[in-house]
Amino acid sequence: MNEVYTAEGLRETERLAFDAGATEDELIERAAAALCEETLALAPKRVVVLAGGGNNGSDALSLALDLRRAGKNVCVYLTSARMNGYVRKRVALLAEAGIAPVDISESGTPEFREGDLIADGMLGIGCTRPVTGRTAEIVDAVNASALPVLAVDIPTGLNADTGRAEGAIVRASVTVSFTAYKQGQLLADGRNYCGRLIVRDIGLEKTEPNARVITEKDVTLPLRKPVSNKGTYGNVRIIAGSPEMMGASLLAHESAMAALRSGAGYAVLCVPRSLAAVYQTRVKEELLYFLPDDDGAIMYDEGALADITSKAKSIVIGMGLGKNADLARIISYIAHNFKGPLVVDGDGLNALAACPDAVKGHSCELLLTPHVREFERLEKGVFGENSALPDTDRTVALARALDAAVAMKSATTVISDGKEVWLNTTGTPAMAKSGSGDVLGGMTGAFALTLPPLEALKCACYYFGKAGERAAAEKGERSVLASDVIGFVYENA
């Protein structure tokens, strides 16, 4: 189950259910049954249910009833004075079951005990404004308790579409999401607040999702031919390096070599000629190509660029190039004189942000791999301002504007070619180190030899994340270096 929806998309699935004859009460009880199963699996001593006045609160109150029927100790607090009919109905049912909800909508603090599990049903996917006031006070009390929290569908205060941290937000240990992922649970800061995400089917017929999470079945790699040689699988040319950032270009090349296990036949590292001695003492399997430079900064040289574009099957540019006045012009030449995949990362992205027209009308297959800050600079360079829309929409817009496949790198990486949207969730905080993006750029160039741009980005992001997870499992999350990850890159996830 890898579908990802906006809040409106999920409301549409509910409308279809109502059109098919389902009632709101039925959906509430299905949601509560799923919540009860997940709650009992956590084996709490007591469950403290916080219920708001909307449908999210209805789910939470029905959960309280199901838990009481299962013999659990339950305490219920009402956090809103305004209640819809479904909430009022369940408050009455609780009274019949011997549970008297405590109204803390105006004042008072929930009483928490050691061993409690808090069930957060205060606000759901309809919450689009930052939470303040009385509800924010209750959220703060929940977070200060340091108790485990199970969020009903989505943590209170988290925007279901953007995932951005604004206002007070419950920090859940577990979130039980009904029907599918809400994109705000995965985007921006969402994963910091949702904890472990569990998706439970409550019997709704699904519409077309806004995005999909990449799974192993979505990253199938082509088989290698029994009779073949290195030329069969093409070569990656990586244009990188400057006196200040030589390590980045070496990392990018090594990552491409690691990705060759599933792709390219060989790789060529294209570096400043004045740094030849440095690279000659470091490289192993790779080939070297020396570019004319000015004090270590590569220069625009049409002859050298023509040679590269005529021989390369895939080109990666940007790692460790630093601030270079010729860089946008170099990228423009390659983009308009090369028919294969061109991966732009790092300093190449910064050059494009200052001159996005450099790739306008390009002939290459353009792939961009910006991290969040690089994306913001590029977005502003293309559109003149940064968008407040969800990261999925922003990535689609940039991909369309530049006719590119784009990966906005973060804990959840958003990948789009302007048509499809995929989210990659593999990886670990251990990969939040300098050089990680350079490794991914090199891998992307290798996968792009045998796969279309969107598929290449999906595979590169997925397998890079898996390699990071394996590296962290062996070395620990604090100690992993970008170069360590390369040794864990292999096909079987």
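Its Cα centre serving as origin, the range 1-100 has a Cβ charge dipole (Lys and Arg +1, Asp and Glu -1) of approximately 660 debye.
Pop out the Kirkwood hydrodynamic radius of the range 86-131 from its pairwise C-alpha distances, inverse of mean 1/r, in Å to one decimal. Provide the component values of the computation, followed by the final result.
Details: mean 1/r = 0.0751 Å⁻¹.
With all distinct Cα pairs of the range 86-131 included, I get 13.3 Å.
Think of the range 1-147 as a dipole: +1 on every Lys or Arg Cβ, -1 on every Asp or Glu Cβ, centred on the Cα centre; then among Gly124, Leu61, Ala17, Leu61 lies furthest on the positive end. Computed over the range 39-163, the alpha-carbon pair-distance distribution with 5 angstrom bins reads 2, 12, 23, 26, 22, 11, 4, 1, 0, each value a whole percent.
Near Asp189, the amide H atoms lying under 5 Å from its own belong to Arg164, Ala165; only residues 5 or more places off or on other chains count, and H is placed 1.01 Å from N.
The order of the peptides 375-387, 446-458 by mean Cβ neighbours within 10 Å, most packed first, is 446-458, 375-387. Only helical runs count toward this figure. For the chain, summing -39,500 (n - 2.57) over DSSP H runs of n ≥ 4 and dividing by all residues gives -12000 deg cm²/dmol at 222 nm. Using +1 at the C-beta of Lys and Arg and -1 at the C-beta of Asp and Glu, which of Ala70, Val48, Ala7 has the Cα lying farthest in the positive direction of the dipole of the chain? Working it through, the farthest residue towards the positive pole turns out to be Ala70. Toward the positive end of the charge dipole of the chain, with +1 on the Cβ of Lys and Arg and -1 on the Cβ of Asp and Glu, the farthest Cα among Leu423, Ile334, Val480 is that of Val480. Within 10 Å of each candidate Cβ there may be at most 16 other Cβ atoms; applying that plus a DSSP loop requirement, which GluC sites (Glu not before Pro) in the range 273-351 survive? Sites meeting the loop and neighbour criteria: Glu285.
In a simple Cβ point-charge model (Lys, Arg +1; Asp, Glu -1; nothing else charged), the chain has a dipole of about 780 debye relative to its Cα centre.
Between their Cα atoms, which of Lys433/Lys458; Lys339/Lys419; Lys339/Lys458; Lys360/Lys380; Lys313/Lys466; Lys182/Lys409 are more than 24 Å away from each other? As for pairs spanning more than 24 Å Cα to Cα, those are Lys313/Lys466. What you get for the range 95-231, charging only the Cβ of Lys and Arg (+1) and of Asp and Glu (-1), is a dipole of about 1180 debye around the Cα centre. Convex hull volume per residue, computed on the Cα atoms of the range 383-451, equals 115 Å³. The portion of the accessible surface of the chain made up by carbon and sulfur, rounded to a whole percent, is 48 (1.4 Å probe; DNA, RNA and ligands excluded).
For the range 77-172, report the accessible area per residue in Å² (1.4 Å probe, heavy atoms, rounded to an integer).
On the way: 4350 Å² over 96 residues.
Dividing the accessible area of the range 77-172 by its residue count gives 45 Å².
Show log10 I(q)/I(0) for the chain at q = 0.09 Å⁻¹, two decimals, from a solvent-free Debye sum over equal Cα scatterers. Per q value, in the given order, log10 I(q)/I(0) is -0.67.
Accessible area per residue for the range 325-461, computed on protein heavy atoms with a 1.4 Å probe, is 34 Å².
The values are calculated or read from the model by the stated rules, or taken from the named source; none is laboratory data. Note that the structure is predicted; figures quoted are calculated from it, not measured. Note: ideal-geometry Cβ built from the backbone for every residue, glycine included; neighbour counts use all protein chains shown. Each accessible area value is taken on the protein alone, full model and side chains, heavy atoms only, with ligands, DNA and RNA left out. Shrake-Rupley method; radii C 1.70, N 1.55, O 1.52, S 1.80 Å.
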